[in-house]
Amino acid sequence: MVGSEPGAETSRSSGRLRLWIGVLGAPFAWAVHLLARYSLVPVACAAGATYLLHMVTLACGSAVIAVGILSWSSLRRARAQQIRGDDVEAAQNALFMARGGVMLSGLFLLVILAEAVPAFIQDPCIGEESSPVASWIARSGAALLQPRAAMAGVGPPGDLRGDAGWSDEPAILGPLALAALLYLRGAWSSMRRRSWQAAAFAGGLLTLAFALLSPLDALAGALFSAHMTQHLLLMTVAAPLLALAAPGAALSRGVPRGLRRLLPVRACAAGVRRAVTYPLTVWLLHALVVAAWHLPSLYGAALRSSAVHAVEHASLFGASLLFFQVLMRAGARGGIGHGAAVLYAFTASLGCGALGGLLALARVPLYLEHRAGAAAWGMGPLDDQQLAGVLMWVPGGAVYSGAALVLFTAWLRASERAARRLEIPPAPGHRERSPEGPCSE
Amino acid sequence: MTYQDDDPVERSLARIFASPPGLYGWLTNVNHKVVGLRFMLTSLVFFLIGGVEALLMRMQLTRPSAEIVSPERFGQLFTMHGSTMMFLFALPFLEGLAIYLVPLMIGARDMAFPRLNAFGYFVYLIAGVMLHGSLIAGQAPDAGWYNYVPLAGPGYSTGPNIDYWVTMLTFLEVAALVAAVELIVTIFKQRAPGMSLSRMPPFVWAILVAAFMIVFAMPPLVLASLLLATDRFAGTHFFNVAAGGEPLLWQHLFWFFGHPDVYILLVPALGIGSAIVPVSARRPLVAYTAVVVSTVSIGVISFGLWVHHMYPAGLPQLGMSFFTAASMMITVPSGVTIFAWIATLWRSAPTFDAHFLFLLGFIVLLILGGLTGIMLASVPLDWQVTDTYFVVAHFHYVLIGGVVFPIFGAIHFWWPKMTGAHLHERLGKVTFWLMFVGFNLTFFPMHLVGLRGMARRSYTYLPGQGWELDNILATAGAFVFAGGVFALLFNLVASRLLRAPATPDPWSGGTLEWAVGSPPPDYNFRLFPIVRDLYPLWGERPLRAMELDDPGDVRRETLATTVLDAQPDHRLDLPGPSIWPFWLAVALTVCFLGAAVDLLFVPFGALLAFAALVGWFWPPRDGRGSPEPVASGALPRSVSGSRSTVLWGVAILIVIESMVILSLQVSYFYLRVHTPTWPPEGLGSPDFGASTLATALFAASVVPVVWAERGIARGDQRRLRLGLVTGLGLVVAYGALTLLEWRHRDYTWATNAYASAVWTIGGYQLMHVGVVFLLGSCVTALAFTGYFLPTRRVAVQATALYWYFAAASSLLSWGTVYLAPRLL
C-alpha cells in the first residue's frame, strides 16, 4: 500500500467497491424485492394493476443479474491479478469475494423467482380490503401518485382527505429555490470534482420539497402517521443529506460579492455559534426538541396554528441538521472524536426506540386532533398512532444505527492512519530495548 | 518472557506484584489473572450444578406420567436451571475469560481498577451461593428464568422464593456492570504502544462490544429488578393491574436486556472463534475490518429486536412485520463473520486439535440454531410453536452451540497458557465427540416433539401422543453430553497432576498473550511490547519493546496510552491487595438480603457500604505526600481530565446511571400512556412551585462547583473550598425543600401505580443527592487539608462530573413528574 501512486490507489478502491457491490448487491436486491412486493400489494390491488408486482420482480431480477455479471468480471480480473502475482493476499481476498458474489447472485435470483411464482397461481388481492392499514397505504399511495382531478373516488371526503395536490407555498418554495440558485452559482466550478456532494445537496432539497410541498403535507394534517412520515423525511433523510453535502462554503460563495460583505454571518458572534454547535448541547437540544414536540399539548398547538407548525418543522429540521453536522465533523479538527460520535448516534437510535415504542405500545389515544382524520380514513385512532410509533421506532432508529456503524468504520480507518503516521513512538526519556528472544526456550 | 535471569528490575517486579499468601491473602488478592480464574472455575462449578438440574428434569420426562420429582420441584428446577446457566455460568465465565486474557492480549500488567475486579467476584460468589442455598432449603425461585409478573408478583408468589431471585439478579447485575466498566477503560487506555484500535485482536474487540452492550442493556434490567423488589418489599404497584400498573412493562424491560443478552454471550464467543481460526489456519484472519464492523453491528442491531420475544403478548400487528424484518437483519453480520472464518480456513491446512473441533462444532450448531431462529422470527410460526419444545430446541442450539462449545474450545485453547500444563489431546477429542453427539441426540428430537405440540415447562405428559421415543432419545443424549463434560473435568484435574509442561506459545499464536510465560508471571510484562500489526509475534523478531521501570524505583504501575493510536501517555498507578472489596460485598449483602426481611436493613447496609468505600479509597500511608515533580521528558505519574482512567470510569458509571434513570422515566410514561386520566382520579397534581424552586437550586449549585474546579486547576485553594461549600449548601437546601414537599403529599407509594412511579422517581433522585452530598463532603474535607494540587485534582474532577450529572438528572425528573403532566 505504502508508496503506491494515487492512480493505482483509486483503481484499487474502485475495484474494492465493485467487489463489495458484488457481495452485498444480490441480498440487497432481494430485500428490496420482498419489501416492495409486500407494500405494493394494496396499491396495486386498489388500482387494479397487479402487473406492478411483476414489474418489481423484473427490475430486481435484472439488478441481480447485473450484479452477477459484475462479480464475474471481478472474478476474471482477480484471476489475472493472481497470475501476475502482485499482492497475492489481496488477490486471494478478491477471488474469494468475487466467487461469493457470483454464487450469491445465483442464489438470490432463485429466491426472487421463488417469491414471484405464487402471484401467478394465486390472486394477491384476496382479502386485501380487510385491513385498515393496508387501505391507508393504498389510498395515501394513490393520493401521492395521482393528480387532484383523478382523486374523486378515492379516500374520504372534505378537508380530511389530504388530497390538496402539490402546493406552491411561496414561503417554502422561495427559500428552496434561492438555496438551489446560490449553490449552483457557488459550486458550479467544482461541481464535477464534488459530484457526490452536489448530488447529496440536490437530494436534500428535493426531499425537503417533497415533504413540505407534496400532498403529504395536507395528509399530515389528517393522519398522525403521515405527519410522522413527514417529520422523518425532514429529520432522517433531508438533514443527513444536507449535512453530508456540507454546502456552507458553496452557498456563501454563491452570494454576489457586493452582498457578501453585508452577510452578518461573520460578524455574528462566533461565541454564540460555538455554543449552539457545541456537541453536547446539540445532543441535548436534539433530544429535547424531539421529545417536546411529542407532548400532546405542544403537538396540538402546532396543528391548530400554522405559525407554531412552522416553528415545529423548523426546530425539528434545524436540530437534526445540527446533530448530523456534529456527526459529520467527527474526527476533524475541533470536532468530536469518532468514538463519541458513534455513541451519539447510537444513543439517538435508542431514543427513537424509546419514544417510538411508547407511541406504538400506548393503549390510550394521545393526539385527539387526529381522531376525526383517522376515522375518515377508516382507521381507529390507535391504529394511526401505532403506525406512527413503529415508523419512528424501526426505520427512524435504523437511520441513526446506520450512522453509528458508518462512523465506527471511519474510526477504525482513522486509527490505522494515525498509527501509521506515528509509527514507533520513541517515548520521551525511555530507552527502547530488545529482550533477547521473547520466547527463549 | 524471560530476559536476563539476574535482572534486578524483574526481581523487584516479582516481589511487588506477588500474590499475598494465606486465607487473608485470598480475600485481598486483586490480580486480574487470579480474579479471572476464580470467575471461570466458580462458573464451571455452577455449570455442573445447572447440568445436574437439567438431568433431573430429563429423568422426570423420560417416560410419561413419571413421578421422580414433584410439580413444585420441577418448577424450581427449570427456573434454577435457566437462571444458573444464563446468569451464573455463561456470563461470568466469559467475564472471567476476558478479565484473564484482555490485559495479556493488549500488553498491560493489570486492569485499570483491580480492586473493583475483586469486588465483582465476591458479589457474584455471594449471589450464586445464596441462590443455591434457597434450592437446598426447598424455597428456590419457581417462576421461570424470566420471572414474569404477575406470577412473580407479591399476589401470586407469596413465599420468599422470588425474593432470592430478585436479590441474586441485582447482585449479578452489579458484578456484570463492574466488569464492563473495568474492561472498557482497560481496553481504551492501556493498550501496548502502537496497538491502535485498528490493530486490536478481534477477541478484544468482541469483549469491548459486549462490555458496551452490558452498559446499555443491563440498566433496564437493574430497574426492572428494583421495581419488582419494591413491589414485593414496599408495596408499590408497578406491575399490579388492579392499581393501574402494567405487567407487560416487566416483559419490555426484561427483554430489552434479554435480547441483547443473547448477543452479549454470542459476541465474545465469536471473538473466541476469531482468535482460534487464524492460529489453526496459520494465516491472518481474512477481512479483519469487516469482522470488527460486523461485531459492532450485531451489538447495535440487537437493541432493536427485543419485541420478537413478545409476539404472543398482543402487540400492534403492523409493528410485527417491522420486527420480523429487523430480526432477519441480524443474520447478515453473523454471516459475515462466519464467512470470514471459512475464507481464512479455505485452502489452509488446519490441524484438527481439540479446540479446533469445538470451533467447528460451534459453527455447525450455531447455523442450525440460526435457521430455526429465522423460522421463529416470522410471526405465524412463532404463534404456533410458542412455549413448545421447538423453542427449547432452538435456544439450546443457539446457547449451547453458540456459547458452551466455544467456551469449551477456549478452555482447551488457553488452558496451557493459564496453568502451564497441557490437556490430554486425545481425551479432548473424545470430550468433543461425546458432547457433540450427545447434544444433537438430546435437542434435535425436541424440534420434532415441539412441532407435535409438547409444551415446555409442564412436569409430565400423558402417554399415547407420539412423544415417547423422542423423550427417551433426549434423556439418553443428555447423559452422553454429561459424559463429555465429565471427560473435560477429568482432563483438567489430570493435567494438574501429570503436568505436561506447556511452552509460552504451544499453538504458534500471533497475539501478545503468547509472548509471556505459561503461566504468566504476576506482572505479565517486564517490558511493554511495541505493536505494528495485528499479529506482533508473527512479524519480525525479536519483538521490540519499551522500558517503563526506573531500576532504582520499581513500583506497582503499568503504562497508560492514548485511545486512538496507543501512544505512551502516563504511568498508571495500580492499587495493591485490599480487604475492602470483600467488606463492600458483605455490606451490599446486608443491604439487599436484609430488605427482604425488614426495610430498615437498607439504610444500615448503605451505611456499612459507605464505611467500606471510605476504607477502600483511603490514601495509602507510604509516601505520595506530594506528587513528585515531573522530570522533563519522562512520562507523568498523575494526570487530570480525560487522560485519567478514573474519570473514564466515572463517565461510564454516569452512562450506566443515565440508562437506569431514562428507563425509569420511560416506565413512568409507559404507565401514563396506558391510563386515560393522569394523574388518576382523586390525586391532586404534584406541587409545581416548590419542586421548581428546589430543582432550580440544585441546578444553580453547578455554578460554584465549576468555579471551584477551575480554581484548583490554577492552585487556588480558597476558591476550591468556597465553591464546594456553597455548592453543598445549595444541595442541602434542595434536599430539605424536597422533603418538605413530600410531607404535603396526600398519598403514599402504595396508593396506586402513578403514586408508586412518582415516589420512586423522587426517591431515586434523592439517593443521587445523597451520593453527591457524601462525595462532596469527603472532597471538601480533603480540600480543607490542602490535599489537592493542580497536578492532583482528579477526585475533584470526578466529583464535579457526577455532580453535573445529578443536577441534569434532577432537571429531567422534574420535567417528567412536574412539568410533563401540565403539557400532556
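The values are calculated or read from the model by the stated rules, or taken from the named source; none is laboratory data. Being a predicted model, the structure only gives us computed values, none of them experimental. Glycine gets a Cβ as well: all are built from the backbone with ideal geometry, and neighbour counts include every protein chain shown. For accessibility, only protein heavy atoms count, side chains too; no ligands or nucleic acids. Shrake-Rupley method; radii C 1.70, N 1.55, O 1.52, S 1.80 Å.
Screening segment B:91-131 for residues that are open to solvent by less than 10 Å² (accessible area, probe 1.4 Å) and not in a helix (DSSP H, G or I) and picking the one that is farthest from residue B:576 (Cα to Cα) gives B:107. Entry remark, segment B:764-800: residues being free of Cβ contacts under 8 Å to residues at least 12 places away in the same chain and either touching a Phe, Trp or Tyr at 6+ places or on another chain (Cβ under 8 Å) or closer than 18 Å to residue B:667 by Cβ (or both) number 1 in total. Scanning segment A:368-379 for residues that are open to solvent by 10 Å² or more (accessible area, probe 1.4 Å) and not in a loop (DSSP other than H, G, I, E, B) yields A:368, A:369, A:371, A:372, A:375, A:376. For segment B:560-601, residues that are open to solvent by less than 30 Å² (accessible area, probe 1.4 Å) and under 18 Å from residue B:613 (Cα atoms) total 10. If you go through segment B:503-529 one residue at a time, how many are open to solvent by 10 Å² or more (accessible area, probe 1.4 Å), within 11 Å of chain A (Cβ to nearest Cβ) and farther than 19 Å from residue B:14 by Cα? Residues flagged as open to solvent by 10 Å² or more (accessible area, probe 1.4 Å), within 11 Å of chain A (Cβ to nearest Cβ) and farther than 19 Å from residue B:14 by Cα within segment B:503-529 amount to 4.
Residue A:67 - would you say it is closer than 23 Å to residue A:34 by Cβ, part of a helix (DSSP H, G or I) and within 27 Å of the chain's Cα centre (by Cα)?
Values: closer than 23 Å to residue A:34 by Cβ: yes; part of a helix (DSSP H, G or I): yes; within 27 Å of the chain's Cα centre (by Cα): yes.
Judged against the criteria, residue A:67 is a match.
Every listed requirement among (1) away from chain A (no Cβ under 14 Å); (2) crowded, with 24+ Cβ neighbours inside 10 Å is met by residue B:148 save one, (2). For segment A:68-99, which positions are within 14 Å of chain B (Cβ to nearest Cβ) and open to solvent by less than 20 Å² (accessible area, probe 1.4 Å)? Passing the criteria: A:78, A:91, A:94, A:95, A:98.
Just need a number here: residues in segment B:665-698 that are within 28 Å of residue B:225 (Cβ to Cβ) and within 12 Å of chain A (Cβ to nearest Cβ). Residues flagged as within 28 Å of residue B:225 (Cβ to Cβ) and within 12 Å of chain A (Cβ to nearest Cβ) within segment B:665-698 amount to 12. Looking across segment A:270-320, just one residue is at pLDDT below 85 and open to solvent by less than 50 Å² (accessible area, probe 1.4 Å), and that is A:271.
Please go through segment B:785-824 and pick out each residue that is within 23 Å of residue A:362 (Cα to Cα) and assigned to a helix (DSSP H, G or I). First the steps, then the outcome.
Step one: of segment B:785-824, the residues within 23 Å of residue A:362 (Cα to Cα) are B:812-824.
Passing the criteria: B:812, B:813, B:814, B:815, B:816, B:817, B:818, B:819, B:820, B:821, B:822, B:823.
Just a yes or no: is a residue in segment A:338-345 over 21 Å from residue B:665 (Cα atoms), surrounded by fewer than 22 Cβ atoms within 10 Å (Cβ to Cβ) and either among the polar types (S, T, N, Q) or under 19 Å from the mean Cα position of the chain (by Cα) (or both)? Give the derivation first.
Initially, segment A:338-345 is screened for residues over 21 Å from residue B:665 (Cα atoms), giving A:338-342.
So of that shortlist, the ones also surrounded by fewer than 22 Cβ atoms within 10 Å (Cβ to Cβ) come out as A:339-340.
From what is left, the residues that are either among the polar types (S, T, N, Q) or under 19 Å from the mean Cα position of the chain (by Cα) (or both) are none.
So far as segment A:338-345 goes, no, none of its residues is over 21 Å from residue B:665 (Cα atoms), surrounded by fewer than 22 Cβ atoms within 10 Å (Cβ to Cβ) and either among the polar types (S, T, N, Q) or under 19 Å from the mean Cα position of the chain (by Cα) (or both).
Residue B:735 falls short on exactly one of the conditions (1) out of contact with any helix residue (DSSP H, G or I) (no Cβ under 7 Å at 6 or more places or on another chain); (2) small (Gly, Ala, Ser); (3) in a helix (DSSP H, G or I), and that condition is (1).
Here is a check on your reading of the model: is residue A:354 under 30 Å from residue B:302 (Cβ atoms) and without any contact (Cβ under 8 Å) to a residue 12 or more places away in the chain? So residue A:354 passes the test. Residue A:383 meets each of the listed conditions (1) open to solvent by less than 40 Å² (accessible area, probe 1.4 Å); (2) at the interface with another protein chain (Cβ under 8 Å from one of its Cβ atoms) apart from (1).
Identify, from the list B:729, B:715, the residue that is open to solvent by 30 Å² or more (accessible area, probe 1.4 Å), of a type outside the set (Phe, Trp, Tyr) and in a helix (DSSP H, G or I).
B:729
The lone criterion from (1) among the acidic types (Asp, Glu); (2) within 12 Å of another protein chain (Cβ to nearest Cβ); (3) more than 27 Å from the chain's Cα centre (by Cα) left unmet by residue B:553 is number (2). The criterion of at least 2 residues that are touching a Lys or Arg at 6+ places or on another chain (Cβ under 8 Å) and within 14 Å of chain A (Cβ to nearest Cβ) is met, among helices (runs of 4 or more DSSP H) falling completely within segment B:1-81, by B:8-17.
Taking the options B:307, B:291, name whichever one is within 12 Å of another protein chain (Cβ to nearest Cβ) and over 26 Å from residue B:144 (Cα atoms). Going through B:307, B:291 in turn, the sole match is B:291. So which pairs qualify, if the first residue must be in segment B:674-687 and of a type in the set (Val, Ile, Thr), the second must be surrounded by fewer than 16 Cβ atoms within 10 Å (Cβ to Cβ), the Cβ gap must be under 9 Å, and the two must be at least 6 apart or on different chains? Hits for this filter: B:675/A:363; B:675/A:364. Checking every residue in segment A:332-347 against the condition of being more than 30 Å from residue A:418 (Cα to Cα) and away from chain B (no Cβ under 12 Å) gives zero matches. For the residues A:414, A:404, the requirement of being at the interface with chain B (Cβ under 9 Å from one of its Cβ atoms), touching a His at 6+ places or on another chain (Cβ under 8 Å) and open to solvent by less than 30 Å² (accessible area, probe 1.4 Å) singles out A:414. Among residues that are crowded, with 21+ Cβ neighbours inside 10 Å and modelled with pLDDT of 95 or more, residue B:267 is included.
To keep it simple, each residue is scored yes or no on (1) within 16 Å of residue A:235 (Cα to Cα); (2) in contact with a Ser or Thr (Cβ under 6 Å, 6 or more places away or on another chain); (3) at pLDDT 90 or above; (4) of a type outside the set (A, V, I, L, M, F, W, C).
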position: A:357; (1), (2), (3), (4): no, no, yes, yes
position: A:364; (1), (2), (3), (4): no, no, no, no
position: A:371; (1), (2), (3), (4): no, no, no, yes
position: A:383; (1), (2), (3), (4): no, no, no, yes
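Here residue B:770 does not fit the description of being more than 31 Å from the chain's Cα centre (by Cα) and either of a type outside the set (A, V, I, L, M, F, W, C) or open to solvent by 40 Å² or more (accessible area, probe 1.4 Å) (or both). Scanning segment A:91-117 for residues that are of a type in the set (A, V, I, L, M), in contact (Cβ under 8 Å) with a residue 24 or more places away in the chain and closer than 19 Å to residue B:347 by Cβ yields A:94, A:97, A:98, A:102.
Quick grid of which residues meet (1) in a loop (DSSP other than H, G, I, E, B); (2) of a type in the set (Ser, Thr, Tyr); (3) more than 16 Å from residue B:192 (Cα to Cα); (4) touching a helix residue (DSSP H, G or I) at 6+ places or on another chain (Cβ under 8 Å):
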{"site": "B:558", "(1), (2), (3), (4)": "no, yes, no, no"}
{"site": "B:586", "(1), (2), (3), (4)": "no, no, yes, yes"}
{"site": "B:596", "(1), (2), (3), (4)": "no, no, yes, yes"}
{"site": "B:599", "(1), (2), (3), (4)": "yes, no, yes, yes"}
{"site": "B:609", "(1), (2), (3), (4)": "no, no, yes, yes"}
{"site": "B:612", "(1), (2), (3), (4)": "no, no, yes, yes"}
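If I filter segment A:360-367 for residues that are under 18 Å from residue B:673 (Cβ atoms), within 12 Å of another protein chain (Cβ to nearest Cβ), open to solvent by less than 20 Å² (accessible area, probe 1.4 Å) and in a helix (DSSP H, G or I), do I get at least one hit? Yes, segment A:360-367 contains at least one residue that is under 18 Å from residue B:673 (Cβ atoms), within 12 Å of another protein chain (Cβ to nearest Cβ), open to solvent by less than 20 Å² (accessible area, probe 1.4 Å) and in a helix (DSSP H, G or I).
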